[in-house]
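All remarks here apply to the structure that follows.
The values are calculated or read from the model by the stated rules, or taken from the named source; none is laboratory data. The structure displayed is predicted, hence computed values, not measured ones. Virtual Cβ from ideal backbone geometry, glycine too; neighbours counted across all protein chains shown.
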């Protein structure tokens, strides 16, 4: 009499092999080092402590406004050395590293005094600034100067603050875009010239330019 052998042990062996392989795979997966997270990009904060330049885009180009009260004594065209130096260095840096466009330097005054006197003063101040930029390495062929006396006010001369705003020298970078000048620069190195003027008008410190009608 023959006795048939049961196949169950083979099935148990195969099942054991499968379970063993699964356990081995899980073990290997657990031992793998997880991928490192991507590095965090940190934008450096620039501690800018230089002069804040009022700047604006115009149809002619980029305007940078320099207050004459910072650069010059009243009625003078010679720089106040300590006060003017940071502005001169800052503008020189921008003109030499951000643009190769031509630059018109334009002097303006308030309406106190005779037109001829203010015309001569506005031109002398623009010329002084031109010479200072040229001495610092801005090519002379890029620079020109003009004086407009009190013919182009940005605010009414009816208040002291308005007259102070009108006593200014403008650096006009011809046919340039403001993005080219401010790109890569500290965000707190500039302010909107017209935004500042609007705020002063709203606060009652200055009045808008009177209509010439």
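Please state which of the following conditions residue 66 fails to meet, knowing it meets all the rest: (1) part of a loop (DSSP other than H, G, I, E, B); (2) in contact (Cβ under 8 Å) with a residue 40 or more places away in the chain.
Checking residue 66 against (1) part of a loop (DSSP other than H, G, I, E, B); (2) in contact (Cβ under 8 Å) with a residue 40 or more places away in the chain, the one that fails is (1).
Being over 23 Å from the mean Cα position of the chain (by Cα), within 16 Å of residue 167 (Cα to Cα), in a loop (DSSP other than H, G, I, E, B) and touching a residue at least 12 places away in the same chain (Cβ under 8 Å) narrows it down to one of 126, 77, so name that one.
Among 126, 77, only 77 is over 23 Å from the mean Cα position of the chain (by Cα), within 16 Å of residue 167 (Cα to Cα), in a loop (DSSP other than H, G, I, E, B) and touching a residue at least 12 places away in the same chain (Cβ under 8 Å).
Since residue 137 meets every condition but one in (1) touching a residue at least 24 places away in the same chain (Cβ under 8 Å); (2) more than 23 Å from residue 195 (Cβ to Cβ); (3) in contact with a strand residue (DSSP E or B) (Cβ under 7 Å, 6 or more places away or on another chain), which condition does it not meet?
(3)
If you scan region 91-118, which residues turn out to be part of a helix (DSSP H, G or I) and either surrounded by 18 or more Cβ atoms within 10 Å (Cβ to Cβ) or touching a residue at least 60 places away in the same chain (Cβ under 8 Å) (or both)?
91, 94, 95, 118
So that you can scan it fast, the table gives a plain yes or no per residue for (1) more than 30 Å from residue 78 (Cβ to Cβ); (2) loosely packed, with under 14 Cβ neighbours inside 10 Å; (3) at pLDDT 95 or above:
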| site | (1), (2), (3) |
| --- | --- |
| 170 | no, no, yes |
| 175 | yes, yes, yes |
| 182 | yes, no, yes |
| 185 | no, no, no |
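Of the numbered conditions (1) surrounded by 15 or more Cβ atoms within 10 Å (Cβ to Cβ); (2) under 24 Å from residue 73 (Cβ atoms); (3) modelled with pLDDT of 95 or more, residue 151 satisfies every one except a single condition; which is it?
(1)
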